[in-house]
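Worksheet: one structure, shown below.
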């Protein structure tokens with residue numbers, strides 16, 4: 001398949017997963033962990 005078709009297929013698949021599964025809670029999200037670590041470092045510095 002062409003590269004543009006693969007990209008479009010992945011984008012549609014990602015939107016469907018997001019629509020039916022949704023976001024994970026903040027407790028389990030890696031970006032939340034990084035934010036907490038950076039916040040703790042910021043308070044120490």
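What follows is calculated from the coordinates using simple rules that are stated; it is not laboratory data. Worth saying up front: this structure is predicted, and the values here are computed from it rather than measured. For neighbour counting, all protein chains shown are included, and Cβ atoms are generated from backbone atoms with ideal geometry for every residue, glycine included.
What the table below lists for this structure:
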item	result
Cα Rg, Dmax (largest Cα-Cα span) when computed across the chain, Å	17.1, 52
Likely footprinting exposure, 45, 12, fewest C-beta neighbours within 10 Å first	45, 12
Fewest-first ranking of 33, 4, using other Cβ atoms within 10 Å as the exposure measure	4, 33
Residue order, fewest to most beta carbons within 10 Å, for 18, 2	2, 18
